[in-house]
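Here is the structure we will look at, set down as structure tokens.
The values are calculated or read from the model by the stated rules, or taken from the named source; none is laboratory data. Quick caveat, the model's predicted, so the values are computed rather than measured. Neighbour counts run over all protein chains shown; Cβ positions are idealised from the backbone, glycine included.
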Amino acid sequence: MSEPNIGVVMFDAATDAASVIRAVELAGGTPVTLHPKTTVAPDLADLSVVILPGGFSYGDYLRAGALAATQPIMRVLAEAVEAEEITVIGLGNGFQVLTEAGLLPGAFVANATPRYHHTEVDFIIANNSSAMTNAYELGQQVRLVQKGAYAQYTATAQELEALEERGNVLIRAKDSATGSDIAGISSADGLVLGLMASPEYAIEEGFGTDHPDGPGMGVDGQGLFVSVVRAAGAINGEGVVGE
Amino acid sequence: MPTIVVEVMPKPEVLDPQGKAIDARLPELGFREFSAVRQGKRFELTVEGEVTDDVLDRARTLAAELFANPSTEYIANVEVAK
Amino acid sequence: MPTIVVEVMPKPEVLDPQGKAIDARLPELGFREFSAVRQGKRFELTVEGEVTDDVLDRARTLAAELFANPSTEYIANVEVAK
Amino acid sequence: MSKEQLDTVAHADQTPEAEQSWAALGLNAEEYQRIRDILGRRPTEAELAMYSSMWSEHTSYKSSKVHLRQFGEKTTDEMQRNMLVGLGENAGVVDLGDGWAVTFKVESHNSPSFLEPFQGAATGIGGVVRDIISMGARPVAVLDSLRVGHEDHEDTARIVKGAVAGVGHYGNILGVPNIAGEISFDSVFQGNPLVNAGAVGVLRHEDLRLAQASGTGNRIVLFGARTGGDGIGGAAMSSAAFDDEGAANTPVVQAGDPLQENVIIEATLELFAKSLVEGIQDLGAAGIACATSELAAGGDGGMHIELTHVLLRDEGLTAGDILMSESQERMMAVVTPDNAAAFEEIMAKYGVEYSWLGEVNDSGRLTIDWNGERIVDVDPTTVADGGPVYDRPYARPDWQDTVQADTFRASTAAADLPQTGEDLKAAVIELMSSANMADRSWITSQTDTSVGGNTRQAAPNDAGVVRVDEETGMGFGLAIDCNSRYVYLDPYQGSQLAVAESYRNVATSGATPMGISDGLNFGSPEDPGVMWQFAESTRGIADACMELGVPVTGGNVSLYNQTVDTPIHPTPMIVTLGRYDDVATAVPSWLHPAFDGSAIYLLGE
Ligand SMILES: Nc1ncnc2c1ncn2[C@@H]1O[C@H](COP(=O)(O)OP(=O)(O)O)[C@@H](O)[C@H]1O
């Protein structure tokens, strides 16, 4: 089985991109960087999964993710999703880009205490049959970094109901500084997914999150990238939403 | 050069943590006249040349497409600055 | 209930990175009518009761003390919402 | 000087008696006369602007130089053996082995941060990071050290919240982790807070770049943000004490644009990787005036600049304004004509604006034209390195004895020492909840500590630890420390204690200390008592370093930190950087549950 290619979009100031690339490699995938000005679908030809990494795309000026959402590649991705040719995953700021681009429902507002927070948060896997959770156990608790100033997810009552009903809330936060317990969701068809967390900082022992074994020993983020690589390679066909 | 002002506010039903945080400080600062604060954005667009109805329409389009996120915000005002 | 609108803008001589970044996107998005964008803030204050001159004055004081940072911003407007 | 009448060199020649506002620019009568002597005529307004900012305390170190010399003099060859670049450059460079090197530095941004704490602190981070990039290094960590007024004072929240948010805002968008810092509250900093920002960069030996413009015919280019009216006169201002009203004259606040800097970092590193620049200089205090004179003075000595080629944000700026502007996120580089096209390609790729300003020549002069007229014609070394050096009088102040006599034992507090267990508990709780000891997580959670993926340790550890080499695990640890009250009580010993604390924090985390950088924040050098503090403090640092066998690799001096005639407590912030063969061996400074059952030992006397 050859290593599946995973696209990573390099928005200006997507500060987590380098770590996402590393995480993809460690999970057995081959990262392929994509320029945000890409307007041609062939660049995506051999990709079945594209990640929008987190950070501060375009400084988060205007609104978090808003300027990235206007980049040409977002239209290309939207069309590929429409044609059911690709899965798009937004991590942290990437999730904000997806809501701004209208590819996921809802939006992000300022944290309950309106300022930037960088904290470790315990999350619960609420659905493990998605392109970013298939390597986790259902109900598993995972500890990841969560960061951002506008990281509070919000949606209308109808949107929330729809998300819950269809099981599209994939990951929940136990105690988040953002004010929202919804951390990871997917679109109804499972082709667009977002997670308001940074799993790429929990992939290597000693450089991860806090863990009973010692400071920085937590590597719960690995599962997410393994899930993504699996989804891309369709190694584990069953249970992967969108297959 | 003329300027078009575009104003965007959080929808009344959407959480406005920034407004709320200011709100909470008002009594402490001695401002009891105001019962609520909401915080939005104001944009100023410089127009080269005359502000025709067409240009104003383009400003409305820009506001809708870029300046306001329709799921949380609405356009409170688009007008030529006095 | 009546609302007072307070508007705050970055001073013209101070760099407005937000406005600049939006500016840079406009030609690519096809908006060539506007030669510059600046981004500021708009606050809405809900007033319990009537908006007397005194209340409007208090809003001006609040704007100067809390909403605008005098070293980088100026108060563009304080008025009763129509 | 009206805007219509351009003060050209020819005009200056013809009007020797014209009134010039040298005093408002922070020069004294002798300094002004010295400029006239150097030029053999009166300076043009543009030249005066250049000399005044380059000869300001902030840029020229005129009062501190004589004392800083001992950092070099007290360094043995043995201590120097790991230094690739020593004192005098933008930042010192330390060899880490295996072809790796590290450069680190702290810079003060005190007066801008009092005026506007958020932007002041943000641009402090931005500025020190550009210093690091201009050495050829990739910034891999930032740090900050803050001194603010009393926690109960009404203005303190403005300063501390603004500065903390500003440090976070800029560093977070750059994507550089914040791994260390400190803060303390004391009313002596009420009207003059200290905001020092630091950065660390890593590089391969072959990527080292210095600020030099050599090679006749090479071209000078300015890239990054456009030039606006930001912070004009800022360098002169940081060298003046605040008056009662706040600032003496308030320049336009410099606002930072970390998005722009983020892009510049990537573009600049690609320029280095492709060897497209011969020399490079970041634009900080005194902007283009500083960059051109330092580049020219560091190289073959000649340069010509067309100031009209500078891209402007505000068309109303005068030539003098453009020379002095402190607009952020700008870099100046020297490029060979052969590489010009490749340089332009990289700028286009990253969407960075640039303009070619002129070229290197062998005239020995720095000449600057504005609309075809010559407004500057100087020997650049006289601007960059020819400023006055003062051996200012210093003397131990009378009040020092009184301060030292006021010991804890001598005070009545001794009678109130806690007697019972309950008292002790209450005392501990009171201490731990005091502003200066309480939990710092409200600060550290506002910065990104993990971005980059190489952070082995950050807050709440004594030292921040970052991996440099993924293969071997080799990396560095660093800490920044200073107890200003100790230095106030005894500047010599207090400064030694600051070195010792910082060194200890790095050493006990398992790293081998390699060098220190200092951020020296003091009051007015014209006060002999303050000058004595400075002399004693630098002597203490140099002696402590000699004793510990670590060199001073660089530093920063900020003087005139005082309100009317009350100076701040002398605050030499010490950064120690140490090396790990493998950062996996770093020792955390807190009792993690994983260590349950471990024995605890107390070492030392
Ligand atoms: N202003 C700051 N910026 C970044 N980190 C800080 C700041 N202040 C404190 N820290 C970090 O918080 C932790 C605790 O700081 P501090 O209370 O000063 O520790 P100590 O008293 O042990 O030196 C340290 O890891 C320190 O690096």
Sort through D:Glu266, D:Glu294, D:Glu315, D:Glu278 and tell me the only one that's under 27 Å from the mean Cα position of the chain (by Cα) and within 14 Å of another protein chain (Cβ to nearest Cβ).
D:Glu266
For D:Asp439, are the conditions met, namely being of a type in the set (Asp, Glu), surrounded by 18 or more Cβ atoms within 10 Å (Cβ to Cβ) and within 10 Å of the ligand (Cβ to nearest atom)?
no
Identify the residue in the stretch D:576-605 that is away from chain A (no Cβ under 13 Å) and under 31 Å from the mean Cα position of the chain (by Cα) and, among all such residues, is surrounded by the most Cβ atoms within 10 Å (Cβ to Cβ).
D:Thr576
Keeping to the stretch A:112-124, report how many residues are closer than 23 Å to A:Val20 by Cβ and either more than 19 Å from the chain's Cα centre (by Cα) or within 14 Å of chain B (Cβ to nearest Cβ) (or both).
2
Name the residue, out of D:Asp439, D:Asp423, that is more than 10 Å from chain A (Cβ to nearest Cβ), part of a loop (DSSP other than H, G, I, E, B) and on the phi < 0 side of the Ramachandran plot.
D:Asp439
Flag if D:Met54 is surrounded by 18 or more Cβ atoms within 10 Å (Cβ to Cβ), within 18 Å of D:Thr382 (Cα to Cα) and not charged (D, E, K, R):
yes
Just one of (1) modelled with pLDDT of 90 or more; (2) touching a helix residue (DSSP H, G or I) at 6+ places or on another chain (Cβ under 9 Å); (3) among the charged types (D, E, K, R); (4) over 12 Å from D:Arg226 (Cα atoms) trips up D:Asp321, so point out which.
(1)
Pick out, from the stretch D:74-168, the strands (runs of 3 or more DSSP E) lying fully within it that include 3 or more residues that are among the aliphatic types (A, V, I, L, M) and within 30 Å of D:Thr563 (Cα to Cα).
D:138-148
The stretch A:170-181: number of residues that are surrounded by 24 or more Cβ atoms within 10 Å (Cβ to Cβ) and under 20 Å from A:Ala110 (Cβ atoms):
2
Tell me whether the stretch D:86-104 contains one or more residues that are within 16 Å of the ligand (Cβ to nearest atom) and either surrounded by 24 or more Cβ atoms within 10 Å (Cβ to Cβ) or among the acidic types (Asp, Glu) (or both).
yes
Checking the condition over 21 Å from D:Ser56 (Cα atoms) and touching a residue at least 60 places away in the same chain (Cβ under 8 Å), which residue from D:Ser589, D:Ser524, D:Ser598, D:Ser537 passes?
D:Ser589
Identify, from the list D:Leu520, D:Leu497, D:Leu577, the residue that is more than 16 Å from the ligand (Cβ to nearest atom), among the aliphatic types (A, V, I, L, M) and at negative phi.
D:Leu520
Please work out which one of (1) facing chain B (nearest Cβ under 10 Å); (2) under 19 Å from the mean Cα position of the chain (by Cα) is the condition C:Ala68 fails and give its number.
(1)
Would the stretch D:181-192 turn up any residue that is without any contact (Cβ under 8 Å) to a residue 60 or more places away in the chain, away from the ligand (no atom under 13 Å from the Cβ) and away from chain A (no Cβ under 14 Å)?
yes
Considering the stretch D:361-409 alone, what residues qualify as being part of a strand (DSSP E or B), of a type outside the set (Ser, Thr, Tyr) and in contact with a Lys or Arg (Cβ under 8 Å, 6 or more places away or on another chain)?
D:Ile368, D:Asp377, D:Val378
Do any strands (runs of 3 or more DSSP E) entirely within the stretch A:125-243 hold 3 or more residues that are within 14 Å of chain D (Cβ to nearest Cβ) and not charged (D, E, K, R), and if so, which?
A:141-148, A:214-218
Pull up the stretch D:450-494, narrow it to residues that are under 30 Å from A:Pro53 (Cβ atoms) and of a type in the set (D, E, K, R), then point me to the one that is farthest from the ligand (Cβ to nearest atom).
D:Glu471
Could you say whether any residue in the stretch D:169-178 is within 14 Å of the ligand (Cβ to nearest atom), crowded, with 24+ Cβ neighbours inside 10 Å, among the aliphatic types (A, V, I, L, M) and within 14 Å of another protein chain (Cβ to nearest Cβ)?
yes
Pairs please, first residue from the stretch D:292-305 and touching a residue at least 12 places away in the same chain (Cβ under 8 Å), second anywhere and surrounded by fewer than 22 Cβ atoms within 10 Å (Cβ to Cβ) and part of a helix (DSSP H, G or I), Cβ atoms under 6 Å, 6+ apart in sequence or on different chains.
D:Ala297/D:Thr381
